Amino acid sequence: MKNNLVKYVLIAFSFCFVIGIGIGTYLFNKPAMNVAEEQPVYTVTAAQIYNEFSMNETQANHKYLSDKNGKIIQISGTVSEIIAQGDTALTISLKDSEMTEGGILCSMSKNEIADASSFKIGDKIVLKGECTGYMDLTSEVSFSKCVVVQ
């Protein structure tokens, strides 16, 4: 009787192990989200999203961030700063005339760096990216994987 119990426990453990390996392999090989092809969940201006985060960060986090990663947001604003790290990384800071402090930091996707490098300070642009949250220390809302909206 004890032999049968050990046998069933080993079979159940083996079954769970195989299922776990299958799920892990699926998640590891799952393709990354393509922001350019995704529809934005919200379309906002730099001032709108900044004001929401600065007034009530918890509520804004609930609205603009999902459990796993940020939601895709389309954002418009005026280029206030361009930060290039060689040819491999580009971050654009957006503001609006309504904003007296803070800003929006948009880290561009690698395949968008060539298009985005033509921007100049003062240009009005529209970007789409994944909202990653609010940084209290710098008073900025952060976006990653940003792409230029034509």
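Just to be sure I understand, how many residues within segment 106-147 are in contact with an Asp or Glu (Cβ under 7 Å, 6 or more places away or on another chain) and either without any contact (Cβ under 8 Å) to a residue 12 or more places away in the chain or of a type in the set (D, E, K, R) (or both)?
Residues in segment 106-147 being in contact with an Asp or Glu (Cβ under 7 Å, 6 or more places away or on another chain) and either without any contact (Cβ under 8 Å) to a residue 12 or more places away in the chain or of a type in the set (D, E, K, R) (or both): 1 in total.
Out of all the residues in segment 129-139, which are surrounded by fewer than 22 Cβ atoms within 10 Å (Cβ to Cβ) and not hydroxyl-bearing (Ser, Thr, Tyr)?
Those that are surrounded by fewer than 22 Cβ atoms within 10 Å (Cβ to Cβ) and not hydroxyl-bearing (Ser, Thr, Tyr): Gly133, Met135, Asp136, Leu137.
State the number of residues belonging to segment 8-41 that are under 30 Å from Leu105 (Cβ atoms) and either part of a helix (DSSP H, G or I) or small (Gly, Ala, Ser) (or both).
Final tally of qualifying residues: 6.
Residues checked against (1) touching a helix residue (DSSP H, G or I) at 6+ places or on another chain (Cβ under 9 Å); (2) buried (at least 16 other Cβ atoms within 10 Å of the Cβ); (3) outside the structural domain of Gly77 (by TED's automatic domain parsing):
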site: Thr25; (1), (2), (3): no, no, yes
site: Ile49; (1), (2), (3): yes, yes, no
site: Glu52; (1), (2), (3): yes, yes, no
site: Glu57; (1), (2), (3): no, no, no
site: His62; (1), (2), (3): no, no, no
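Return the only residue of Glu140, Glu130, Glu112 being assigned by TED's automatic domain parsing to the domain that holds Gln59, touching a Lys or Arg at 6+ places or on another chain (Cβ under 8 Å) and of a type in the set (D, E, K, R).
Within the list Glu140, Glu130, Glu112, the selection yields Glu130.
Only one of Val44, Val79 is assigned by TED's automatic domain parsing to the domain that holds Ser139, assigned to a strand (DSSP E or B) and more than 20 Å from Gly133 (Cβ to Cβ); which?
The match here is Val79.
Scan segment 117-150 for residues that are more than 17 Å from the chain's Cα centre (by Cα), assigned to a strand (DSSP E or B) and not charged (D, E, K, R) and jot them down.
Ile125
The values are calculated or read from the model by the stated rules, or taken from the named source; none is laboratory data. Remember, predicted model here, so these are calculated numbers, not experimental data. Reconstructed Cβ throughout: ideal geometry from the backbone, glycine too, with neighbour counts over all protein chains shown.
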